[in-house]
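Here is the structure we will look at.
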Amino acid sequence: MRREQSIHLERLRANMQELPWYIQEYIDAKEDSASPSTLLGYVHDYKHFLQWLIAEGLTEQPVIGDVPYSVLELLRRKDVENYIKHLNRRKKMNSDKEDIKNQKLKKATVLRSISALKSLFHYLTTITEDEKTGEPYFYRNVMAKVEITKEKETINARASRMRSKILHNDDDRKLLEFVATEYEQLIAGTRKEIYYRRDRERDLAILSLFLGSGIRVGELADLKLDKINENERLISIIRKGGKEDSIWITPSALLDLQAYLQVRKERYKATDDEQSVFLTLQNGSCQAMSIRAIQNMVDKYTKAFNIRLTPHKLRHTFATNFYNKEKDSLQVMMQLGHSSTDTTVLYTQLGNETLKQSLERLDED
């Protein structure tokens, strides 16, 4: 995770240079409370907003970095409403700046952009201090007039939506067996087979840890050799916000992890100084696997298994299975690193359809 954050921080610094000084100041002020990846998303939102202002003739400056904050101060509510309409009509873009099957932006993406602007305007109108007067840069906050209406969803509704996106019963075991014994048949005779044979133990260990501990993808990517306690089946990880924590893993996950560790050094040309657990080879050199590489690996195998899942959905699968076995939401909460039971309650309704079964028992004699 730290490697990913370092990359995001580099990208953040590079992209910030295109923005006006007052937005750069805001980003600097937020660095202690928001992750580099979150702030990078904000930067992209602000760049798009300023480009829209230029395209709509709402500023005379042709370069986004030259747009003064007075332009933001003088925006009317109608201007902001038009921008939100623009966001709702905007199409997804791929890396080549082309439409992705004419798909519109998700509602959550639009809301994030609006939230980013509301946060910026709040900072400029309340937190900032002019060097001469000590007053905020300006007071008129047009974004305060914009309400964000999030789609409300009950725990039951969310559980119902998520139920089709996780593995049920013993499908987690079947997925691992598929990767271990059947996947190779699908790619036999292709170049993919060479990489599969090299990476099989590593990939099985990763999938086993997701399904046998509920670890987050960032936590797994940042896992170090000296943080594995094989005797206790315990691994030490860095949670969100940089908090250290320890979690237990299942016996089967430990076996898969140990099988990978036996071949890790030879397969990936790892030096004694390399502490990252999960490695890959790039141009013949050993490197720690990135979050994106792990996500792509999970997508590859689950797609072949006919249910396309992400590492986070595998985490949901573990949590659901764990709760169904133990019926203890506190244990689930501690294992997943949740700070409250609000999220954990979701797993009481996933997989086993608890309420449905309870209602059925009402009709029993």
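The values are calculated or read from the model by the stated rules, or taken from the named source; none is laboratory data. This is a predicted model, so every value here is computed, not measured. Heavy atoms of the whole protein, side chains included, go into the accessibility calculation; ligands, DNA and RNA do not. Shrake-Rupley method; radii C 1.70, N 1.55, O 1.52, S 1.80 Å.
Equivalent-ellipsoid semi-axes (√(5λ), Cα gyration tensor) for the stretch 1-82, whole Å, largest first?
Taking √(5λ) for each eigenvalue gives 26, 12, 11 Å, largest first.
Two decimals is fine: what's Rg over Rh for the stretch 34-87, C-alpha atoms, Kirkwood radius as Rh?
The Rg/Rh ratio comes out at 1.00.
Taking the stretch 212-288 on its own, what percent of its Cα-Cα pair distances exceed 14 Å?
Of all Cα-Cα pairs in the stretch 212-288, 62 percent lie more than 14 Å apart.
Can you run phi through the Karplus equation (6.51, -1.76, 1.60; θ = phi - 60°) for the stretch 17-31 and list ³J(HN,Hα) in whole Hz, with x for Gly and Pro?
Result, ordered by residue: 4, 7, 8, x, 4, 6, 6, 4, 4, 5, 4, 4, 5, 8, 5 Hz.
Roll a 1.4 Å probe over the protein heavy atoms and report the accessible area of Arg198 in Å², nearest 10.
Accessible area of Arg198: about 50 Å².
In the calculated pair distance distribution of the stretch 179-253, what percentage of Cα-Cα distances lie above 17 Å?
51 percent
What is the percent of Cα-Cα separations in the stretch 243-340 that go past 21 Å?
Counting pairs separated by more than 21 Å, the tail of P(r) holds 51 percent.
Probe radius 1.4 Å, ligands and nucleic acids left out: which of Ile294, Ile307 has the largest accessible area, and how do the rest follow?
Ile307, Ile294
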